[in-house]
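The values are calculated or read from the model by the stated rules, or taken from the named source; none is laboratory data. The shown structure was predicted, so the numbers you read here are calculated from the model rather than taken from an experiment. Reconstructed Cβ throughout: ideal geometry from the backbone, glycine too, with neighbour counts over all protein chains shown.
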Amino acid sequence: MTGDTVTAGERTDGGRAAARGRYLGLVAASVLALLLVCTAAVAVGPADVGLSDVLASVGRHLGLPGMTDVPPLTDSIVWQLRLPRVLTAAAVGAGLALSGAVMQSVTRNPLADPYLLGLSSGASLGAVCVVILGVAFALPAAAFLGALAALVATLSIARVGGTITPGRAVLSGLAIAQLGAAGTSFVIFWSAKGDSYREILNWLLGSLAGSSWTSVLISGSALVVVGTGIVLSATRLDAFAFGDTAAASLGINVNATRWALLGAVALLTGAMVAVSGAIGFVGLILPHLVRGLSGPGHRRLLPLTVIFGALFLVVADTLARTVFDPRELPVGIITALIGVPVFIVLIKSRRAAAWA
Amino acid sequence: MGVKLDRVSFRIGGTTILDDVSAQLATGSVTGLLGPNGAGKSTLLRLIAGLDTPAGGEVELDGTALHGLTRRETARRVALLEQSAAPSVDLSVREVVLLGRIPHRSRLFGDFGGDDDHRVAEESLAMVGGGALAARRWHTLSGGEQQRVQIARALAQRPSLLLLDEPTNHLDVSAQLGLLGQVRSLGLTAIMALHDLNLAAAYCDRILLLHRGRLVAAGTPAEVLVPETIAEVYGVDCDIVAHPRGGHPVIVFSPSSSLDQETGPA
């Protein structure tokens, strides 16, 4: 009896060490893949840039010694155009995926996503108002306020008798998203300068075409600051698995935690939408995909979701700007093509009956 | 020592849910919380779990007033089993039991796969005879297995008080008996809300009987479960006989002469 217990204990200890090793290997492999994909994405485009030129250009700007010379035109394509765009795509993908993972956990809704629940449209509206008024500094703040307002509106509408079912949350999110989209389109038409249609499309479907180092700064700092806070809250997110009462009985201050985390999501989504418009489905697809690799525990899920989110959007944006070269698709078209089938699989899944 | 309820009351809006409930429960005893639907059983459990704050009065655990503790401190002393809870993601049994370690973890990020947490989780699962379930997915378990795993999760909190809200709901009879026997064998102070008077009579040291938010009777099953009191609270007619083997009271209901309600215990 005692002997059996000890053996079982050793076996699971060994199994746990193996699982941890597998996870760390997965993290290392995905970080490596992200670096390779980012480098390749900078090299790909209408003007041919060799991988060695990419590395040399980046190396020179970072002040690394011993870098070969790069032609000025190539250097500016790499450093001024493509690298900021790829880095912005990485930060936005990571931020949106992380937002989705947090929303799915604190609302216990597998369909939660910043786009489906209207946050992205709200953020777009906030951002567009500021862009039209021309106060560039306040852009992320306005997008944050838009996202927060949309979040509060969606959850208030979805709440009936103290409970929010996933289905109702998506329906109210749809209404708020439509309102945000209508508001965004109206503000752009009203300003009536330049190519309104393209600008509307970029805000509503998302586009990384206008990325600059400012975009990198906004999305990157939001990801680092807010994302770190969220990842450090992983244990508290675990506690929500069995619902609010269970979380409270595990010592979690449920309301404070939920609103702090949803506020962080609004901040993150706001910053991402401010630089890229409302890119859909990233927050829906990635957490479900990554859960299959990492398991549902947030201490493993969240870091991997960040890496895969970055990887996903860099690839999607590279497709968006190269598939119909020289024309460019809004990247939201690519993410929707992948995201909608995922959404359908989710609502057809075995527990869909409970979502009414 | 043990649990002390001192003139506890609770209101929602203007409605009184619990009114002036006082009781003293000894360490290591198993107490059954009985009463018709809406009597205030779940509310009282929530107050004892520190999830809600009483409008008046105080809940004390081993001499410490609960309202002076943080939620985390309470969660290290009191564990609650809710009625039929289900996780929103597909957790393994081991992961569910590990949730019980959350109140003991550091706030930031937690202890990454701490061996201590895993050992406590394994011990807890072994205590409910669920060691073989560890790798199973939650959704593949039977109702009785799920409840046993929930008890293991509660034990992983290392509580001094275990609260159970209708733990036998939706269980078949063998799972019901198995579960309540399990609770008794733990030796922990336990309070459980129950619908089945006979299960309460068989497995509880003491009974608290609630009716419309008031404590109408408290004592051993033989003291509390008498035909007059049951008729007054549940509105049903019954006889009490001694269990042929255990000697504890068995309530035999008389369906034909039920008084005026149909909401008797199932």
Elements of type helices (runs of 4 or more DSSP H) contained in region A:232-325, each with 1 or more residues being within 14 Å of another protein chain (Cβ to nearest Cβ) and under 18 Å from A:Gly100 (Cα atoms): A:234-238, A:254-276, A:282-294, A:298-322
Matching residues, region B:218-230, being among the small types (Gly, Ala, Ser) and surrounded by 15 or more Cβ atoms within 10 Å (Cβ to Cβ): B:Ala218
So A:Val31, is it modelled with pLDDT of 95 or more, within 14 Å of chain B (Cβ to nearest Cβ) and part of a helix (DSSP H, G or I): no
Single residue of B:Arg119, B:Arg71, B:Arg153 found to be at the interface with another protein chain (Cβ under 10 Å from one of its Cβ atoms), charged (D, E, K, R), over 30 Å from B:Ser22 (Cβ atoms) and without any contact (Cβ under 8 Å) to a residue 40 or more places away in the chain: B:Arg119
Among the candidates B:Ser92, B:Ser88, residue that is on the phi < 0 side of the Ramachandran plot and more than 7 Å from chain A (Cβ to nearest Cβ): B:Ser92
Conditions (1) exposed (fewer than 14 other Cβ atoms within 10 Å of the Cβ); (2) aliphatic (A, V, I, L, M); (3) under 19 Å from A:Ile334 (Cβ atoms): number failed by A:Leu204: (1)
Residues of region A:34-66 that turn out to be of a type in the set (D, E, K, R) and either in a loop (DSSP other than H, G, I, E, B) or in contact with a Pro (Cβ under 6 Å, 6 or more places away or on another chain) (or both), as a count: 1
Top-ranked residue of region A:92-130 - restricted to ones that are away from chain B (no Cβ under 14 Å) and outside any helix (DSSP H, G or I), ranked as nearest to B:Ser88 (Cα to Cα): A:Asp113
Region A:65-90 residues that are at pLDDT 90 or above, paired with ones that are surrounded by fewer than 15 Cβ atoms within 10 Å (Cβ to Cβ) (beta carbon under 6 Å, 6 or more apart): A:Ile77/A:Ala47; A:Trp79/A:His61; A:Pro84/A:Ser212; A:Pro84/A:Trp213
Hits in region B:128-163 - residues which are in a helix (DSSP H, G or I), within 24 Å of A:Ala19 (Cβ to Cβ) and either aliphatic (A, V, I, L, M) or over 19 Å from the mean Cα position of the chain (by Cα) (or both): B:Gly131, B:Ala132, B:Leu133, B:Trp138, B:His139, B:Thr140, B:Val149, B:Ala152, B:Leu155, B:Ala156
Elements of type helices (runs of 4 or more DSSP H) in region B:1-119, at least 3 residues being among the aliphatic types (A, V, I, L, M): B:41-48, B:93-99
Test: residue in region A:239-247 that is surrounded by 20 or more Cβ atoms within 10 Å (Cβ to Cβ) and under 18 Å from the mean Cα position of the chain (by Cα): no
Odd one out for B:Leu80, checked against (1) within 10 Å of chain A (Cβ to nearest Cβ); (2) under 16 Å from A:Ala246 (Cβ atoms); (3) surrounded by fewer than 20 Cβ atoms within 10 Å (Cβ to Cβ): (3)
